[in-house]
Amino acid sequence: MHVAAVIKRKGPDVVSIAPDKTVAEAVSLLTRKGIGAVLVLDDSGTIHGILSERDIISGLSRHGADALTQRVDALMARDVLHCSPHDTIAEVMEVMTERRSRHLVVTEDGKLAGLISIGDVVKQRLIDANLEVESLRDYVSLRADP
């Protein structure tokens, strides 16, 4: 299966925040949406980075409560990992594991197509595994019927 199936299931909407917003505003947004990371985009839609719970915890560790008043672009990760809708689930799992990344930006033809998390990838892998099991059951039952 491919990343396109994940985007089709969850939709292409991406929660984002401007780089000049405060970390406290980002924390509020993450909490409201029940998500673990937010893409950092400017008004033109250019990707500047990604801010995750991990980045916020690291900022709190370094700066204490003052981290919450800093701009998002002070704590965000600038090295944003990308994938394509045509990449396989196995390929993105390998990238996420090797790079210790919980999120990948999905781009197609240079444009933002979505954002996937490790949870999305695992869910898709479980869906694929269940479909394979059902197919095998159907095959075995057809072979068993005279």
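The values are calculated or read from the model by the stated rules, or taken from the named source; none is laboratory data. Treat the numbers as computed from the prediction; the structure is a model and nothing was measured. Because the Cβ atoms are built from the backbone with ideal geometry, glycine has one as well, and the counts that use them run over all protein chains shown.
Every residue, every condition in (1) surrounded by 10 or more Cβ atoms within 10 Å (Cβ to Cβ); (2) of a type outside the set (G, A, S); (3) under 19 Å from A77 (Cβ atoms), yes or no:
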residue	(1), (2), (3)
V95	yes, yes, yes
D109	no, yes, no
I116	yes, yes, yes
V122	yes, yes, no
Y139	yes, yes, no
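Here are the criteria: (1) outside any helix (DSSP H, G or I); (2) under 30 Å from R125 (Cα atoms); (3) touching a residue at least 40 places away in the same chain (Cβ under 8 Å); (4) not β-branched (V, I, T). Tell me which single one R54 does not satisfy.
Failing condition for R54: (1).
Could you check how many residues of the stretch 72-88 are closer than 18 Å to I47 by Cα and surrounded by 16 or more Cβ atoms within 10 Å (Cβ to Cβ)?
9
I'm trying to understand the selection: among the residues of the stretch 72-106, which are in a helix (DSSP H, G or I) and without any contact (Cβ under 8 Å) to a residue 40 or more places away in the chain?
The answer is A90, E91, M93, E94, V95, M96, T97, E98, R99.
What's the number of the only condition in (1) surrounded by fewer than 20 Cβ atoms within 10 Å (Cβ to Cβ); (2) under 25 Å from K21 (Cβ atoms); (3) at pLDDT below 95 that S101 fails to meet?
Of everything listed in (1) surrounded by fewer than 20 Cβ atoms within 10 Å (Cβ to Cβ); (2) under 25 Å from K21 (Cβ atoms); (3) at pLDDT below 95, S101 misses just condition (1).
Select, from L41, L29, L51, L68, the only residue that is surrounded by 14 or more Cβ atoms within 10 Å (Cβ to Cβ), more than 20 Å from A113 (Cα to Cα) and out of contact with any Lys or Arg (no Cβ under 9 Å at 6 or more places or on another chain).
L68
Could you go through the stretch 63-71 and let me know if any residue there is under 15 Å from D20 (Cα atoms), touching a residue at least 60 places away in the same chain (Cβ under 8 Å) and of a type in the set (V, I, T).
no
Could you tell me whether any residue of the stretch 45-66 is in contact with a strand residue (DSSP E or B) (Cβ under 6 Å, 6 or more places away or on another chain) and of a type in the set (S, T, N, Q)?
yes
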